[in-house]
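Below is one structure, written out as structure tokens; the observations come after it.
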Amino acid sequence: MSTFKAPRGTYDLIPPVSAVYLAVREAISAPLKRAGYGYVETPGFEQVDLFSRGVGESTDIVTKEMYTLTQRSEGSERLALRPEGTASVLRAALEANLHKAGNLPVKLWYSGSYYRYERPQKGRYRHFSQVGAEAIGAEDPALDAELIILAVDAYKSLGLKNFRLLLNSLGDKECRPAYRAALQDFLRDLDLDEDTRRRVEINPLRVLDDKREAVQKQLTGAPMLRDHLCEGCKEYHEQVRELLTAAGVDFEDDEKLVRGLDYYTRTTFEFVHGGLGSQSAVGGGGRYDGLSEMIGGPALPSVGWALGVDRTVLALEAEGIELELPAATEVFAVPLGDEARRVLFGLVTELRRAGVATDFAFGGKGLKNAMKSANRSGARFALVAGERDLAEGVVQLKDLESGEQKAVPFDTVVSEVRSAQG
């Protein structure tokens, strides 16, 4: 038994499950690459203020869930493990002056691990994986629709069917203040705990996102944002809805959809899946037109999303979907004797360089154990060679499914394997 274990609320990705996660990441990122999004990678930790300003000081993420780091020297900047990706990606784009290149929007995608301190449960971990996308520097309903469509296409490419898209508009700096005041007046009359009352004063929309039944019961009759949207926000939201409908994307209008981050404006959306229980959200995002200014940048209207890799894998399991994954090993080489080891190792290298996934019976195993390893590897073919084969200048190519076997000259092994693969 190992002395050490993975920290509580985290997990290790190991084969064969790790191959599923890699396939999910690739499926989510593939539509983004086709749409002109370039890859960005940011540090695993950032300044605390980046998240407190951007994500919001009233959010659970900042007040309860963020991991902060102890610095070695006094007076050093305060750092935190990143709890989400948007603020980091926007910071990186601003620092690199990507918005000054004259080609807006700046379209970026990313993949990585994120960290939040919360009670571990299925579908909610302290360390989790996301693929995200951000379109920075343009205010256009077609851009909002594009990102939503790309996410839908990614889920469908995985074979998922039982997910739903929830859609809402959170207004903007023109119309939200009046709604905020009306909502605060309503919430101040409710029976709420002290933490929630503080939230009413800082960001009352977040109270609508409270999942506790005792709070939700009291929200009946609360003023709705849709009744306070300005004409500009109404028109913008309607254009997003029309573009999604024209693209064949089904969605549900959800007037209570807020999401847990303070920076969202106008379009906000969430993907939920019925097979995940209480942790039904598999991804989501929205427009964040004021975030750049919050973190010290110029006005850069932007929109983006993040999709949970962990949650998506759970959704696949809930629907009983098994992804068709490429074989980790297609050919397994079994040498019988020292000279055969030298020859077959050379052929293994050739096959790999030709793009054929190939493994080798390491450790000087006998024929019986080596063939067991070949079968366990999942390989379709085995390459076997002994002294007699070497003397004749051939190796034995064995089909592990049919049991058929034939002698193949050294210099035609690659072409024979490719031909046998069909």
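Count of segment 51-96 residues, restricted to those that are assigned to a helix (DSSP H, G or I) and modelled with pLDDT of 90 or more, is 10. Residues that are under 15 Å from the mean Cα position of the chain (by Cα) and at pLDDT 90 or above within segment 101-126 comprise Leu108, Trp109, Tyr110, Ser111, Gly112, Ser113, Tyr114, Tyr115, listed in sequence order. Residues that are among the acidic types (Asp, Glu) and open to solvent by 60 Å² or more (accessible area, probe 1.4 Å) were ranked within segment 209-237; the one that is modelled with the highest pLDDT is Glu235. Report yes if some residue within segment 352-372 is in contact (Cβ under 8 Å) with a residue 60 or more places away in the chain, under 43 Å from the mean Cα position of the chain (by Cα), under 13 Å from Phe332 (Cα atoms) and open to solvent by less than 30 Å² (accessible area, probe 1.4 Å); otherwise report no. Yes, segment 352-372 contains a residue that is in contact (Cβ under 8 Å) with a residue 60 or more places away in the chain, under 43 Å from the mean Cα position of the chain (by Cα), under 13 Å from Phe332 (Cα atoms) and open to solvent by less than 30 Å² (accessible area, probe 1.4 Å). Per the listing Asp144, Asp172, Asp195, the residue uniquely in a helix (DSSP H, G or I) and surrounded by 14 or more Cβ atoms within 10 Å (Cβ to Cβ) is Asp144. The lone criterion from (1) without any contact (Cβ under 8 Å) to a residue 12 or more places away in the chain; (2) within 13 Å of Pro335 (Cα to Cα) left unmet by Gly422 is number (2). If you check Tyr114, Tyr110 for being without any contact (Cβ under 8 Å) to a residue 60 or more places away in the chain, crowded, with 20+ Cβ neighbours inside 10 Å and part of a strand (DSSP E or B), only one passes: Tyr114. Filtering segment 151-169 to residues that are open to solvent by less than 20 Å² (accessible area, probe 1.4 Å) and not in a strand (DSSP E or B) leaves Ala151, Val152, Ala154, Tyr155, Leu158, Leu160.
Within segment 1-29, the set of residues being surrounded by 10 or more Cβ atoms within 10 Å (Cβ to Cβ) and of a type in the set (Ser, Thr, Tyr) comprises Thr10, Tyr11, Ser18, Tyr21, Ser29.
Within segment 324-342, the set of residues being surrounded by fewer than 19 Cβ atoms within 10 Å (Cβ to Cβ) and either at pLDDT 95 or above or not in a loop (DSSP other than H, G, I, E, B) (or both) comprises Asp338, Glu339, Arg341, Arg342.
Within segment 294-304, identify whether any single residue is open to solvent by less than 20 Å² (accessible area, probe 1.4 Å), farther than 21 Å from Tyr115 by Cα, of a type in the set (S, T, N, Q) and in contact with an Asp or Glu (Cβ under 7 Å, 6 or more places away or on another chain), and answer yes or no. Yes, segment 294-304 contains at least one residue that is open to solvent by less than 20 Å² (accessible area, probe 1.4 Å), farther than 21 Å from Tyr115 by Cα, of a type in the set (S, T, N, Q) and in contact with an Asp or Glu (Cβ under 7 Å, 6 or more places away or on another chain). Going through (1) in contact with a strand residue (DSSP E or B) (Cβ under 7 Å, 6 or more places away or on another chain); (2) within 15 Å of Ala340 (Cα to Cα) one by one, Gly386 falls short only on (1).
The values are calculated or read from the model by the stated rules, or taken from the named source; none is laboratory data. Just so you know, these numbers come straight off a predicted model, no measurement behind them. With ideal geometry, Cβ positions are generated from the backbone for all residues, glycine too; neighbour counts draw on all protein chains shown. Accessible surface areas use protein heavy atoms only, side chains included; no ligands, DNA or RNA. Shrake-Rupley method; radii C 1.70, N 1.55, O 1.52, S 1.80 Å.
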